[in-house]
Structure formats: C-alpha cells, structure tokens
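Report on the following structure.
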Amino acid sequence: MGVAARLLKQELLIHVDYGLPFGDIVVRYRGPISDPEALPEQVIHLLRARIPRDVQHELDELYQAFTRRIPPPSGPARVGWVIQPALATILIQDHERPLGLAVAWLTYMQHVPATGPRLEQQHLALGAPDLTAAERTTLERLRTRIKGIAWSDYQGPIGQ
C-alpha cells in the first residue's frame, strides 16, 4: 500500500450503528477529508449472519456496557417505567472531531406499559473517560476491524 493510500485510509470518517431491534450493523463512512470533492456518505449494511464473530462479540460487549450506564427513571412519576435500549452509534474514526467529545451514543426508550404508547426517547453520550480500560481496549479492536471493512468497501468497484 502506497503512502497516498495509507493517508486516505486514515482520513475516512467512520461510524457504526448497532443495536435493537434489528441486531445488524450499519457502517457509515465518508471522505477522505483531504479530497476537495470528498466522497458522500456511503452505507454498508451487514446482516447479523454476515458479521464476523469477533466484531459481533466486541459490539455485544460494548452495547451491554453502554446499557448498564442507563440511569434509572427518577421521581414518583417514573414508577412503573420500563427502559428499552435501542440504537448505539460508535465513533470509529473521525479526525475532524475535537478531542474530548463523545465516542459513543446510546438511544433508549422509556415507557409505562399500562398507559399505552407513551414513549420518551432518551440519549446517553459516552466519552472516552466514561469507558473502563477493558472497554477502551475492546473499542480499539472494534475500530481496527470496522476500519478494515470500510476501507475494503471504499477500494471496491464502483456501484457494488
């Protein structure tokens, strides 16, 4: 791989979406940022059966860690509320973002089954300091694998 190819690979902006209800992953990438006519966002949808086992394991670990951080409903009006984790978005690579911003977001729903369809959508943002050392290690392994998936797609034939 030449120097230009290595630079382009490092400049792709990559995020991954994972979680309930679908269990598949969606890898979104765009870039490279050095290109004045940068590639518009590209989407890779991997069905659960096509996700490599190590990637699946790492996503599951991080997703479970994120869901454990959902705060319980508070106050007397929140008695009986049920929390349902939904979608996690994980930053894989984005050199345009300032350091210190969130590296992952979890969307979850809160509702009271007895009152019908009333739902409240909530979001939890997690920065690197919010993750344990083990979670940061898992995130780095996941980043390496997802970067490879995005880069392979980026280098693939147009129109695939």
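Structure notes:
- Top-ranked residue of segment 121-156 - restricted to ones that are farther than 27 Å from Pro40 by Cβ, in a helix (DSSP H, G or I) and in contact (Cβ under 8 Å) with a residue 24 or more places away in the chain, ranked as most open to solvent (accessible area, probe 1.4 Å): Arg141
- Each residue in segment 70-97 was checked for being within 16 Å of the chain's Cα centre (by Cα), open to solvent by 40 Å² or more (accessible area, probe 1.4 Å), farther than 17 Å from Asp24 by Cα and modelled with pLDDT of 85 or more, and 0 of them qualify.
- Filtered residues of segment 44-67 (kept if β-branched (Val, Ile, Thr) and closer than 17 Å to Asp130 by Cα): Thr67
- Test: Leu62 is in contact with a Phe, Trp or Tyr (Cβ under 9 Å, 6 or more places away or on another chain), outside any loop (DSSP other than H, G, I, E, B), modelled with pLDDT of 90 or more and under 26 Å from Glu140 (Cβ atoms): yes
- Considering segment 106-160, the residues that are modelled with pLDDT under 90 and β-branched (Val, Ile, Thr) include one that is farthest from Ile83 (Cα to Cα), namely Ile158.
The values are calculated or read from the model by the stated rules, or taken from the named source; none is laboratory data. Computed from a prediction, not measured in an experiment: that's the story for all the values here. Reconstructed Cβ throughout: ideal geometry from the backbone, glycine too, with neighbour counts over all protein chains shown. The area values use the complete protein model at the heavy-atom level, side chains included, leaving out ligands, DNA and RNA. Shrake-Rupley method; radii C 1.70, N 1.55, O 1.52, S 1.80 Å.
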